[in-house]
Number of protein chains: 2
Amino acid sequence: MPGGARIRPTILTSVALACGDDRPGLTDAAAAALELIHCASLVHDDLPCFDDAGERRGKPSVHRAFSEPLAVLTGDSLIVAAFETLARAAVADPARGVELVGILAQRTGMPGGICAGQGWESEARVDLAAYHRAKTGALFVAATQMGAVAAGQEAEPWEELGARIGEAFQVADDLRDALGTPDHLGKPAGQDDRHGRPNAVSALGIDGAMGRLRDILGGAIASIPSCPGEAMLAQLVTRYAQKLVPVSILHPGE
Amino acid sequence: MPGGARIRPTILTSVALACGDDRPGLTDAAAAALELIHCASLVHDDLPCFDDAGERRGKPSVHRAFSEPLAVLTGDSLIVAAFETLARAAVADPARGVELVGILAQRTGMPGGICAGQGWESEARVDLAAYHRAKTGALFVAATQMGAVAAGQEAEPWEELGARIGEAFQVADDLRDALGTPDHLGKPAGQDDRHGRPNAVSALGIDGAMGRLRDILGGAIASIPSCPGEAMLAQLVTRYAQKLVPVSILHPGE
C-alpha cells in the first residue's frame, strides 16, 4: 500500500501530543488503526460496483491487480486488522482501548460512519450535509477523539474540531477541483463542474468558498479544548489549511 | 436477517455457562458479535464475485434485494457492528473486552481467520486442511474461546474443542451432502460429487467418514477443559452431533 498523505493519523497523534500523550504505544496503535480503516474504504470504493477505479496512488487498484474477490477480502481484512491493532495495544490500558474500539466503530459503520456516507450514493435523494458529514467528516472526528482518548482525555469536547477539519477538507477539495491543475491534484480537475455535482464553489462562487473555508478554520481553532498543547494545535490547523489549498490559491500574489 | 441456526453463539454461551458465566451481559454481547461476523461473511460470500447466490435462508440475498454496492457496505457494517457490540458491553470489564476483540479479530481476518479461508478459493493450489481450518473452523474456535474469556477463563485451553467441533461440522456437512435429501439440507444434495470437490465421503467412503466423525466427537469431548459444567458440555457436543447428522444417517434403523 503506497503511503498516501496520512492526514488522519497525523491529526490523531497531534491531538494526543497536545493532551500529554502519556501512552504513546496506544496512540501509535490508534493512528495505525484509523489509517487501516481509511485504506479499507479506498480498496472497497475502487471496486467495480462503486468507482470502478483501475488505479490508486499511481499503482493498479487492488481488484485490478489481484481480482475482485481478493479486493473484497482485503477490505474486510483491513477493517478487522484495525480492531486487532487496537486490541493488541490496549492490553496496557484496557479501559482506553475499549473506548477507542467504540469510537472507531461508530465512525466507520452505520448509521454515522463512512459506510453510511458511502451508502448515501445509492440513494435517489441525498441529504448533502449528512452525506459529507458521514463520508468525509466521520474519520476526522475519529482522529481528534481517538487522539484525546489515547492520551486519557474525554472524547466529547474534541468532536467539533474533527467535524470542522472535515468540513474544511471538503471545501478545500471543492476549491482545488474548481481551480487546481491535474498536477496539483493528482487527479483530473473540474470533475464536479463536469458532472454537475453540487459543491461549495458552485454554491458560493470562488470568493464565497474562500470566505467559507476561512470561517471554518477560524471555528476549528476556536473549538480546540483547553489543553497543554492548545497553541501548537492551532498552528497545526493553520499549517494543515495551507497544505490543503496551495498558497497560490489561498493568497494570490504570494 | 432471518435467524439461521445460530450454532456459533449457542456454543459460545454454553461454554460461558460451563465456566460459571459471571458476566452474562458480556457473554451475550460476545455471542451477538460472533453471529454478526458470521452474517457479514454470508452477505459477502453471496456477492456476484464469489458464489453469486440469489437466495439466502429462503429470501433474496442482500445484493439481489438492495444492489451490490449496498451488499458490500452491509457486510462491512456488520463486521464493524460486531466490534461495536463488544466495545459497548466491555465497559463493564474492559480487560475481558479487549481480549474478546482480539480473539474475534484473529479468527475473522488474515492470516488465520475466515477472510483468509475464503481467500484460499482464489488460489490455484489449495492446502485443504488449512482452508477448512480457516474457512469453517476459525469461528468455532472463536466460539469456545470467547465463551471462556467472557466468563473470566483463559482462552488457550479451549482452542482444541472449537477446532474439533469445526472439523466435525465439516465431515457432517460432507455426509449430509452425500446422503441427505434437499429437504434435509435446505440446498441441493450431491454438490461435492457433482463438482468433483474433495470431501470426507469421497476420501474415506461413507462408513469411513462416519467413523471419522465419531473419532472427532470423541476427541472433542476428551478435550473439554475441566470446569464446573464439563459434563453438561459433553452432553451438548453429543446432542449437537445428532443435530448435525440426522439420526436416520448416524443410526440407520432408528
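The values are calculated or read from the model by the stated rules, or taken from the named source; none is laboratory data. All values reported here derive from a predicted model rather than from experimental measurement. FYI the Cβ positions are ideal-geometry reconstructions off the backbone, even for glycines, and counts take in every protein chain you see.
Descriptive notes on the structure:
- Among the conditions (1) among the hydrophobic types (A, V, I, L, M, F, W, C); (2) over 18 Å from A:SER77 (Cβ atoms); (3) at the interface with chain A (Cβ under 8 Å from one of its Cβ atoms), the only one that B:ALA105 does not satisfy is (2).
- Complete set of residues in segment A:42-97 that are polar (S, T, N, Q) and under 26 Å from A:VAL149 (Cα atoms): A:SER77, A:THR85
- Qualifying residues in segment A:89-102 (those that are in contact (Cβ under 8 Å) with a residue 24 or more places away in the chain and at the interface with chain B (Cβ under 7 Å from one of its Cβ atoms)) - the one farthest from A:ALA163 (Cα to Cα): A:ALA90
- Inside segment B:57-81, residues that are in contact (Cβ under 8 Å) with a residue 24 or more places away in the chain and in contact with a Phe, Trp or Tyr (Cβ under 9 Å, 6 or more places away or on another chain) make up a count of 3.
- Near pairs, Cβ below 8 angstrom, 6+ apart or cross-chain, from segment A:217-242 (among the aromatic types (Phe, Trp, Tyr)) to any residue that is surrounded by 13 or more Cβ atoms within 10 Å (Cβ to Cβ): A:TYR240/A:ILE7; A:TYR240/A:ILE11; A:TYR240/A:ILE165
- Among the residues making up segment B:43-68, those that are part of a helix (DSSP H, G or I) and either crowded, with 19+ Cβ neighbours inside 10 Å or acidic (Asp, Glu) (or both) are B:VAL43, B:HIS44, B:ASP45, B:VAL62, B:HIS63, B:GLU68.
- Condition met for B:ASP21 (touching an Asp or Glu at 6+ places or on another chain (Cβ under 7 Å), outside any helix (DSSP H, G or I) and charged (D, E, K, R)): no
Matching residues to (1) more than 18 Å from A:ILE11 (Cβ to Cβ); (2) under 19 Å from the mean Cα position of the chain (by Cα); (3) modelled with pLDDT of 85 or more; (4) assigned to a helix (DSSP H, G or I):
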{"site": "A:LYS187", "(1), (2), (3), (4)": "yes, yes, no, no"}
{"site": "A:MET210", "(1), (2), (3), (4)": "yes, no, yes, yes"}
{"site": "A:ALA222", "(1), (2), (3), (4)": "no, no, yes, yes"}
{"site": "A:MET232", "(1), (2), (3), (4)": "no, no, yes, yes"}
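- Of all the numbered requirements in (1) away from chain A (no Cβ under 11 Å); (2) touching a residue at least 24 places away in the same chain (Cβ under 8 Å); (3) more than 21 Å from the chain's Cα centre (by Cα), B:GLY54 misses one, and that requirement is (2).
- Among the residues listed as B:LEU17, B:LEU86, B:LEU78, the single one being away from chain A (no Cβ under 14 Å), within 20 Å of the chain's Cα centre (by Cα), closer than 30 Å to B:LEU233 by Cα and at pLDDT 95 or above: B:LEU17
- Some residue of segment B:111-129 being more than 14 Å from chain A (Cβ to nearest Cβ), part of a helix (DSSP H, G or I) and out of contact with any strand residue (DSSP E or B) (no Cβ under 8 Å at 6 or more places or on another chain): yes
- For first residues located in segment A:27-50 and away from chain B (no Cβ under 11 Å) and touching a residue at least 60 places away in the same chain (Cβ under 8 Å), partners that are of a type outside the set (Gly, Ala, Ser) and in a loop (DSSP other than H, G, I, E, B) and lie 6+ apart or on another chain with Cβ distances below 8 Å form the pairs A:THR27/A:ASP21.
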